[in-house]
Every structure is written in C-alpha cells, then in structure tokens.
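> Okay, handing you the structure first.
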Amino acid sequence: MSTTASAAEAAKRELGSGFAGELIGPDDAAYGEASPVFNAMIDRHPALIARPTSPEDVAKVVNFARDHGLPLAIRGGGHNGAGLGTVDDGVVIDLSLLKDIQVDPDARTVRVGGGCVWGEVDAATGEHGLATPSGIISTTGVGGLTLGGGLGHLTRKCGLAIDNLLEAEVVLASGEQVTANADENPDLYWALRGGGGNFGVVTSFLFRLHEVGTVIAGPTFWEVEQGGEILAAYRDFILDAPRELNGFFAYGSVPPGDPFPEELHLRKFSGIVWCYIGDEAGAAAAMAPLLDATPEPLLHGVQPMPHAALQGAFDGVYPKGDQWYWRADFVKEIPDEAVELHAKWGEAMPTWKSTMHLYPIDGAAHDLSSSDTAWSYRDANWGAVFAGVDPEPANVEAIGEWSRGYQEALHPYSAGGAYVNMMMDEGQDRVRAAYRDNYDRLARVKGTYDPGNLFRVNQNIEPSK
Ligand SMILES: Cc1cc2nc3c(=O)[nH]c(=O)nc-3n(C[C@H](O)[C@H](O)[C@H](O)COP(=O)(O)OP(=O)(O)OC[C@H]3O[C@@H](n4cnc5c(N)ncnc54)[C@H](O)[C@@H]3O)c2cc1C
C-alpha cells in the first residue's frame, strides 16, 4: 500500500459490513478530531484510525494491520507522554468506544472496557463507596496506566493498579481472543501486569475493589524556597506513616483559579498532596508528625471529599493539548545531597504547569516481590517524575531542557530504571533498565504471544525465541 489514503480505503473495503465500529482515514472529516493525542508535542499522522465496538472488531483490525504489514498502535486514553497511542502511516486501534463498566458490589469487582478512562470507572464504583487504585488524574486511560503498573493516591493502602487486576480479555497478534488470569494463560497474566501494550489488545479488565468512599484529601503548600526542608521532613516521615495515608511530594505552582486564594495564584510551591482513607480525626493524627515538624504552610487544603472528586481535582490544570516532556526514575533513598539538588531544580521550574512529583510506592506495593509481576521495582520507595508542561509550542525547548537536566542531575541517586509509563522514547537500554531481571522472562512471553513483534509501538520488549 503506497499512500496513507489507500490504507483507509482498503480497510473500508475489506472490513466493510463485518466491522461494526468506525474507520477514519485522513480524508474523512472526523480525522482532525480523532487523530491528536493528549500531548500536543506529538505530531503523527496515522493512515487509519479504527474504533472497534467489540473484541471481534478488534481482532479484525489486528488481522488487517498484520496482513498488510502496517505499523499498529493501541490507544486507550491517549495520554502517553511519548505518544505511544498513535503512529505515522500506520493503524491506530482507538478503543474509545469500548466503554462498558459493570460493578459487582457483592463480589467487590469491576469489569471495565479497554477504552475507559479512570473518571468513568471512579464514578461508577464510587456510587457503591468502592474504588480500585489508579492514578491522580481522571482523564488518563485505564489501558495504558494499568498495563504499565499504575501509581496513585491509593498505592500505599491498596497497591498498584496491576496488583488489583484479576483478569484481562486479550486479542493477540494472531487475532485470537484469550483470557488471562491466575489459572488461564498465567504467563500472559504475569506479563500484562507491568509489561505495557506489548502482548495484545486488552478489551476488558477485571479489577478488585476496595472500600474507599469519602477520603480526607487535598494539598499542603509551603514556599518553594522551603522545599529542601519540607522534602527532608517528608522523606523521614512517609515510609513510617500508616498505610491509610498516601502523600506525594511535589514542586509546582498554585493553579490560577478556584478553590485557591487569589493571592497564591501562580505562586511556586513545595508541597504534599494527601489522600487518607478513613475519618478526619484519623487523618489529622496521621499527618501530625509531618505538620508538627515543618513550618506553618501557605495553605493546608485538606478536607473530606468523594474519592472520584479527588481524582478529578487536577483535570482543569491539565487539559488535552499542552506540550509535555517528562523524564522519570525510581528512587530508594533521598540522601541530603539529593535533597539539595531537588531544591535547586525545583525552584527553577520553567512554566507554571511544570512539576516534579515523588510518588510513594511502599506499603501495599511492597507486599509483592519483584518477580511476582513484570513490574520489577518493588524495592523502590518512590517513583519520581520530572514533567515540563506548557500550552505554548514556543516553550518546548525550555520545558525539555528543565526535565532532562533535573532527571540527569538526580539520576545518580536513583535506583537505576524508570517507570515505563513516565518515559519518553529513551532507547532499549532504558526499557531493559525498567524491567531489570524480569526482562528476559518478558521477552520469552513476548516470543510466545507476539513473535513477529506486531505490537511494537510501546516501550518495546523484543521477542526471544
Ligand atoms: C496528565 C497525566 C497524568 C498521569 N498520571 C499518572 C498517574 O497518576 N499514575 C500513573 O501511573 N501514570 C500516570 N500517567 C501516565 C500514564 O499512566 C501513561 O501516560 C499511560 O500510558 C496512559 O495510558 P493511556 O491509555 O491514556 O495511554 P495511550 O496513549 O492511549 O496508550 C499508551 C500505551 O498503552 C498501551 N495501551 C493502552 N490501552 C491498551 C489496551 N487496552 N490494551 C493494550 N495496550 C494498551 C498501548 O500500547 C500504548 O502504547 C499520567 C499521564 C498524564 C498525561
């Protein structure tokens, strides 16, 4: 097939009436809205965007892309910073029409279509006072976030998203539809929990639910110049705090709108974003050792709120269409020299949306070992992300320089590898470093389920024979 338009025409001809979803090519009016992903820095032009409505539809598109030798990308929520939900001159399987959500409050499970975003899931489970761990933004896709691991507000108490994944329905590179759980295809089930989109298209996920209704949550902000002192206190506090308390350390800027007081708008801060599962008295007691050991904050905005509201709290700050350049690393310890470097780079954020987060990954995330799932860094205590963000294309260089410079400065104090969901296109060595001893086993599973590496628009695991 020589032109991008001809791939869409061929798909319409060959899949035609047997395909219940949408097929969108570059000449279709819907292409302009359907093509862009969340990160506006990613400018790719697929030859075909297919929106299946069932696993059978998905299998047809997989077969079409494979048989025509076309590059194939899978799009869940489209949030991936490296733009792994799209591909130039190839086929995008956009799962956004696979939105079915079934909550079973008695069994404490939720079955979720492969194209859901987290806000949809949180709203449905929240009606029953239940939740499963995800991230910190409601617009992120269930698919990408889960398959890469899933770090968020509930990590310390309930584990990673993958630690609550009971089963997945998967369309393989062969077009075959299979179930992966502890009993059926256990090697695939192991690999899906951290191995990203390498093994097939997940058309539905089954998650365990936890009793999480109202949480006591919100930020505490201090002056950005106090960041070193706050980070040192946070480091000494969080790993011994009760699991019910999650709190990630952040450098950022106060958003210019409600509910923040006007005098703080756009002011750089150092801070902690909390989420406590329990009552207000328990939250106050759990946070007290940190708050007693630190100066009076600029703002302590902790209050009861539905878990789903917390998940949506940053959505307005980070809409689709900003430029994103981010780097990441896992961290075991934060020595004083690293605290000093954080203070230097944190204060130098180039734009108000740029931010650095240290997500705790201890507590329940440490209940599994490094080889229990594909997600290797069970011995790390934090996931650090250095995110340069801005709506202005003119600032792309500035945000990239800051993120790269910050990560490179702190890398000597890291555990070596990074969280795959917060990496850019950084080369095969970084992918190996993300999986460490699990890489070879992942390569063998890849060799079983996708020997031709059809699913390679991802942090790619090369198949071994
Ligand atoms: C604003 C923002 C906030 C974020 N916050 C968090 C956070 O709190 N915690 C966290 O852990 N991560 C977070 N992330 C990172 C996020 O986990 C990754 O960007 C992830 O890749 C997004 O998933 P997606 O489905 O939206 O991505 P997409 O771009 O749609 O897909 C990314 C990759 O996932 C794979 N994929 C997606 N869906 C499927 C599927 N159903 N079957 C097979 N493969 C699939 C594809 O291979 C693709 O390569 C955040 C990202 C952004 C932009």
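The values are calculated or read from the model by the stated rules, or taken from the named source; none is laboratory data. Note that this is a predicted model, so its numbers are computed, not measured. Positions of Cβ are generated from backbone atoms using ideal geometry, with glycine treated the same way; all protein chains shown enter the neighbour counts. Remember, those area values only see protein heavy atoms, side chains included, never the ligands or the DNA or RNA. Shrake-Rupley method; radii C 1.70, N 1.55, O 1.52, S 1.80 Å.
> Let me spell it out: the conditions are (1) over 24 Å from residue 7 (Cα atoms); (2) crowded, with 24+ Cβ neighbours inside 10 Å, and residue 91 meets all of them except one. Which number is the exception?
(1) is the only condition that residue 91 fails.
> Return a yes/no flag: does segment 96-106 have any residue that is without any contact (Cβ under 8 Å) to a residue 12 or more places away in the chain, more than 20 Å from residue 200 (Cα to Cα) and among the polar types (S, T, N, Q). I'd like the intermediate steps shown before the answer.
In the first step, residues of segment 96-106 are kept if they are without any contact (Cβ under 8 Å) to a residue 12 or more places away in the chain; the result is 102, 104, 106.
Next, from what is left, pick out any that are more than 20 Å from residue 200 (Cα to Cα): 102, 104, 106.
Pick out the ones that are also among the polar types (S, T, N, Q) and you get 102.
Yes, the conditions are met somewhere in segment 96-106.
> Of the conditions (1) among the acidic types (Asp, Glu); (2) under 24 Å from the mean Cα position of the chain (by Cα); (3) at pLDDT below 95, residue 9 fails just one. Which one is it?
In the conditions (1) among the acidic types (Asp, Glu); (2) under 24 Å from the mean Cα position of the chain (by Cα); (3) at pLDDT below 95, residue 9 misses (2) alone.
> Looking at (1) surrounded by 24 or more Cβ atoms within 10 Å (Cβ to Cβ); (2) of a type outside the set (Val, Ile, Thr); (3) in contact with a Cys (Cβ under 7 Å, 6 or more places away or on another chain), find the lone condition where residue 85 falls short.
Single failed check for residue 85: (3).
> Also, quick follow-up: Tell me, which strands (runs of 3 or more DSSP E) wholly within segment 1-79 include 1 or more residues that are open to solvent by 20 Å² or more (accessible area, probe 1.4 Å) and not β-branched (Val, Ile, Thr)?
Working: elements: 22-24, 48-51, 72-75.
Where strands (runs of 3 or more DSSP E) fall fully within segment 1-79 and carry at least 1 residues being open to solvent by 20 Å² or more (accessible area, probe 1.4 Å) and not β-branched (Val, Ile, Thr), they are 22-24, 48-51.
Residues checked against (1) in contact with a His (Cβ under 9 Å, 6 or more places away or on another chain); (2) of a type in the set (S, T, N, Q); (3) crowded, with 16+ Cβ neighbours inside 10 Å:
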| position | (1), (2), (3) |
| --- | --- |
| 353 | no, no, yes |
| 372 | no, no, no |
| 376 | no, yes, yes |
| 425 | no, no, no |
| 446 | no, no, yes |
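> I would also like to ask the following. Out of the residues in segment 131-144 that are surrounded by 23 or more Cβ atoms within 10 Å (Cβ to Cβ) and more than 6 Å from the ligand (Cβ to nearest atom), which is nearest to residue 100 (Cα to Cα)?
If we take residues in segment 131-144 being surrounded by 23 or more Cβ atoms within 10 Å (Cβ to Cβ) and more than 6 Å from the ligand (Cβ to nearest atom), then 142 is nearest to residue 100 (Cα to Cα).
> On to the next question. Please identify the pairs in which a residue from segment 420-433 that is within 11 Å of the ligand (Cβ to nearest atom) has its Cβ atom under 6 Å from the Cβ atom of a residue that is part of a helix (DSSP H, G or I), counting only partners at least 6 apart or on another chain.
From residues that are within 11 Å of the ligand (Cβ to nearest atom), the pairs are 420/148; 420/196; 420/434; 421/148.
> Same structure again: Among (1) under 12 Å from residue 356 (Cα atoms); (2) touching a helix residue (DSSP H, G or I) at 6+ places or on another chain (Cβ under 9 Å), which single condition is residue 403 missing?
Residue 403 satisfies all of (1) under 12 Å from residue 356 (Cα atoms); (2) touching a helix residue (DSSP H, G or I) at 6+ places or on another chain (Cβ under 9 Å) except (2).
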